[in-house]
Structures are given as structure tokens and as C-alpha cells.
Amino acid sequence: TLAFLGVAQDQQGRDGWPAINQAYNAAPQDGMVNYAVALHWQMLGDMTKALTALTRAEAAQPNNPAIAAEIGHIYDMQGTLDSAAIWLNTAVVLAPDNAGFRALLIKFYAESQFNLGSAALDSIHRISDQYPNVSDAHTSLGWALYSTGQFDLARTEFNHALTLDGNDVRAHYYLALIQEHDNDQQNAEQSYLYVYRDAGDNPFRTLAGE
């Protein structure tokens with residue numbers, strides 16, 4: 001409550017640390033308080049402090065999938081991909097019916113290309129089959145296929161993702177790469193323009209403008 005009020009203040013560009021620190025001083029072993037501490041340091045770019053806080057959070061709540069997923073995310077950002085895979089898989093095990101954690105796992109596999117030549121690609125296929133109506137899952141599968149040179153199958157997945165969600169920015173950007181590979185410059189330009197001009201602020205905007 002108080003701790004996450006501080007997180008909300010951080011997200012609004014204000015200094016949320018006084019509220020978060022007050023909550024931490026009152027309950028230094030509380031799992032969710034430490035989770036909030038971790039989010040604060042992550043927003044400030046201090047991944048070492050964020051991971052330390054998440055370690056305390058996980059010790060207090062070892063069955064919380066959100067904490068496991070956040071640990072995996074931090075390891076991914078640090079480039080420690082084997083540890084990231086372990087923790088993101090742990091989140092899926094802790095919440096087997098949660099589509100969100102499965103989507104995070106396969107997005108990690110696709111974007112990092114970790115173990116794509118073996119078990120990871122099988123996992124992406126399996127999870128996307130389990131969630132046929134989740135566009136993000138098909139975008140991740142498409143990118144994994146693209147990364148392994150399976151361009152025709154990748155194109156099918158990106159088009160399917162956009163059928164499910166026409167606003168899927170990742171799918172638009174990756175489809176543009178396929179269209180460039182096919183020398184389809186007109187459609188590639190339209191896909192890039194969507195990402196750069198129409199989709200608002202997004203992680204692919206700068207890439208699309210190059």
C-alpha cells in the first residue's frame with residue numbers, strides 16, 4: 001500500500017523513495033515491500049540493488065510468480081540468460097494457468113534467442129498452440145522462426161498475430177523485416193511507417209525510422 005504508493009509516484013516522475021523507504025523500515029522482511037523496493041531501483045537503472053531486494057522478496061514469498069518473473073526479467077536485462085530462463089520458467093510453474101507468465105517466457109526465448117536451436121523453440125511452439133488467440137504468443141513464435149531462418153513460417157505467424165491484434169507493434173515491425181527480406185519495399189515501408197508514425201511511443205520506433 002504505502003510502498004506501492006511510492007512506486008506510483010516514481011512512475012509519475014515524482015520521488016517515491018520516501019514512501020517506499022518508510023514502508024521498508026516498518027517491514028524490512030515483507031515480500032511485497034521488497035518487491036516495491038526492487039521496482040524503484042529498477043526504474044532508476046540500478047539492477048544490482050533491484051536484484052538484492054527481489055532476493056529478499058523471494059525469500060519471504062517463494063511461491064509468488066510475479067517475484068520470480070521479475071527476477072528473471074532483471075537477469076535478462078543483465079544478460080545472464082541461463083538464470084533468466086530458470087526464473088521465468090519458475091514463474092510459469094508457480095502459475096501454470098496464467099497466460100501472461102507464459103507469454104513473458106516465450107517472448108524472452110524469442111527476443112534473447114536463448115536455446116532456440118533446442119528446447120526453447122519447442123517451448124514457444126507448445127505455448128503458442130495453447131494460446132491460439134493471444135497475438136503476442138504468435139509474434140514471439142514468428143520472431144523465433146525468423147531468427148532460425150524459417151521465413152515463410154515466420155510470415156504466417158506475424159500475419160496471424162496481426163489478425164488477432166492489429167495494434168501489435170512487434171508484429172508490424174517484424175513483418176516489415178520479412179517484407180524487406182522478400183524485397184517487398186512498398187509493404188515494408190507501410191509497416192515501418194505504422195511503427196514509427198501511427199503506434200505512438202514504443203520500443204521499435206527508433207529502429208523503424210532508420
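The values are calculated or read from the model by the stated rules, or taken from the named source; none is laboratory data. If you're wondering where the values come from, they're calculated on a predicted model, not measured in any experiment. Cβ sites come from the backbone with ideal geometry, for glycine too, and all protein chains shown count toward neighbours. Ligands, DNA and RNA are excluded from the accessible area calculation, which covers all protein heavy atoms including side chains. Shrake-Rupley method; radii C 1.70, N 1.55, O 1.52, S 1.80 Å.
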Computed from the beta carbon distance with a Förster radius of 41 Å, FRET efficiency for residue 148 and residue 25 to the nearest 0.05 stands at 0.25
Angle between the chain longest axis and helix 135-147 axis [Cα atoms, degrees, rounded to 10]:
70
Rounded if a/c is under 1.5, else prolate if a/b beats b/c, else oblate: with a ≥ b ≥ c from the C-alpha gyration tensor eigenvalues square-rooted, which is the range 125-210?
oblate
Using alpha carbons only, how many degrees (0 to 90, rounded to 10) separate the axis of helix 31-43 from the longest principal axis of the chain?
60
Send over a whole-number figure in Å² for the accessible area per residue of the range 1-151, probe 1.4 Å.
47
Expected max-MSF residue from 172, 73, 181 in the GNM of the chain (alpha carbon, under 10 Å) is 181
From the helices alone, meaning DSSP H stretches of at least four residues, give me the mean residue ellipticity at 222 nm for the chain, per-run term -39500 (n - 2.57), in deg cm²/dmol to the nearest 500.
-22500 deg cm²/dmol
Cβ charges +1 (Lys, Arg) and -1 (Asp, Glu), total dipole of the range 2-151, debye
60
Residue 111 label point, 7 Å along Cα→Cβ, cut-off 16 Å on backbone N: hits in the range 26-43?
42-43
Rounded FRET efficiency, nearest 0.05, which uses the C-beta distance separating residue 59 from residue 17 and R0 of 35 Å:
0.95
Stretched out fully, how many nm does the piece from residue 193 to residue 126 gain, at 0.36 nm a residue minus the Cα gap?
20.9 nm
Net charge near residue 6 (other residues with Cβ under 14 Å of its Cβ; Lys, Arg +1; Asp, Glu -1) is -2
³J(HN,Hα), Karplus 6.51/-1.76/1.60, whole Hz, each residue of the range 171-179, x for Gly, Pro
5, 4, 5, 5, 5, 4, 5, 5, 5
Rounded tilt (10° steps) of 119-130 against the dominant C-alpha axis of the chain:
80
Over the chain, what is the relative contact order in whole percent, taking alpha-carbon pairs under 8 Å and six or more residues apart?
9
Sites residue 210 and residue 159 - FRET efficiency at Förster radius 30 Å, r taken between beta-carbons, to 0.05
0.80
Which value in nm describes the separation of the simple spin-label points at residue 80 and residue 1, placed 7 Å from the Cα toward the beta carbon?
3.4
Which percent of the accessible area of the range 22-179 is formed by carbon and sulfur heavy atoms (probe 1.4 angstrom)?
52
